[in-house]
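Undergrad: I have a structure I would like to understand better, so I am pasting it below and will then ask my questions one at a time.
The values are calculated or read from the model by the stated rules, or taken from the named source; none is laboratory data. Here the structure is a predicted model, which is why all the values come from computation and not from measurement. When we count neighbours, we look across all protein chains shown, and the Cβ atoms used for this are built from the backbone with ideal geometry, even at glycine.
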Amino acid sequence: MTVGKDGKMQNIANPLSVGEIYNTLDKMQDGSIVQLYWDTNHDFGPNHYSLIMKIDGKWYNFNNNDARGQDGKVLPITFVLPKPDEPRQDRPVYGIYYNSSDYADGDPERNFR
């Protein structure tokens, strides 16, 4: 996002819908590694890139500060919509970058959502 000379915000990107995220990620093969560009600090807009990997049909964030279990193992991540009456619990995704060969249909044009 930038602010123009007239003081108006410009270049604002909307986050991807939860459906669009899952429609993209669910078609990836196990072992796929994907880069997310997302909001991890709950300020307006994306602020962080993370690498996630699909293992046994679940996605794991291998960022150094993501959720860990009591045993220290990485926990699977989910993408959920916040409830209007609760503090925001989600981390909106603004970009998904991946190798098209990991995509189940092999479409060479797909490498970003």
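Undergrad: Which condition does Ile52 not pass, out of (1) of a type outside the set (Asp, Glu); (2) touching a strand residue (DSSP E or B) at 6+ places or on another chain (Cβ under 6 Å); (3) part of a loop (DSSP other than H, G, I, E, B); (4) at pLDDT 85 or above, if it passes all the others?
TA: (3)
Undergrad: Would you mention how many residues in the stretch 14-46 are in a loop (DSSP other than H, G, I, E, B) and in contact with a Ser or Thr (Cβ under 6 Å, 6 or more places away or on another chain)?
TA: Here the count works out to 0.
Undergrad: Give me the pairs: first residue in the stretch 65-81 and closer than 27 Å to Leu16 by Cβ and surrounded by 10 or more Cβ atoms within 10 Å (Cβ to Cβ), second residue of a type in the set (A, V, I, L, M, F, W, C) and at pLDDT below 75, beta-carbon distance under 9 Å, and six or more apart or on different chains, which are they?
TA: From residues that are closer than 27 Å to Leu16 by Cβ and surrounded by 10 or more Cβ atoms within 10 Å (Cβ to Cβ), the pairs are Val74/Ala67; Leu75/Ala67; Pro76/Ala67; Ile77/Ala67.
Undergrad: Please specify each residue of the stretch 67-90 satisfying the condition of being assigned to a loop (DSSP other than H, G, I, E, B), modelled with pLDDT under 75 and in contact with a strand residue (DSSP E or B) (Cβ under 7 Å, 6 or more places away or on another chain).
TA: Phe79
Undergrad: Looking at Gly7 and the list (1) modelled with pLDDT under 85; (2) assigned to a loop (DSSP other than H, G, I, E, B); (3) surrounded by 11 or more Cβ atoms within 10 Å (Cβ to Cβ), which single condition is not satisfied?
TA: (3)
Undergrad: Still on this model: Give me the pairs: first residue in the stretch 28-50 and at positive phi, second residue of a type in the set (S, T, N, Q) and surrounded by 18 or more Cβ atoms within 10 Å (Cβ to Cβ), beta-carbon distance under 6 Å, and six or more apart or on different chains, which are they?
TA: Within 6 Å, no pair qualifies.
Undergrad: Continuing with this model, one more query. Which numbered condition in (1) at pLDDT below 80; (2) surrounded by 13 or more Cβ atoms within 10 Å (Cβ to Cβ); (3) closer than 20 Å to Ser17 by Cα is the only one that Asp39 fails?
TA: (1)
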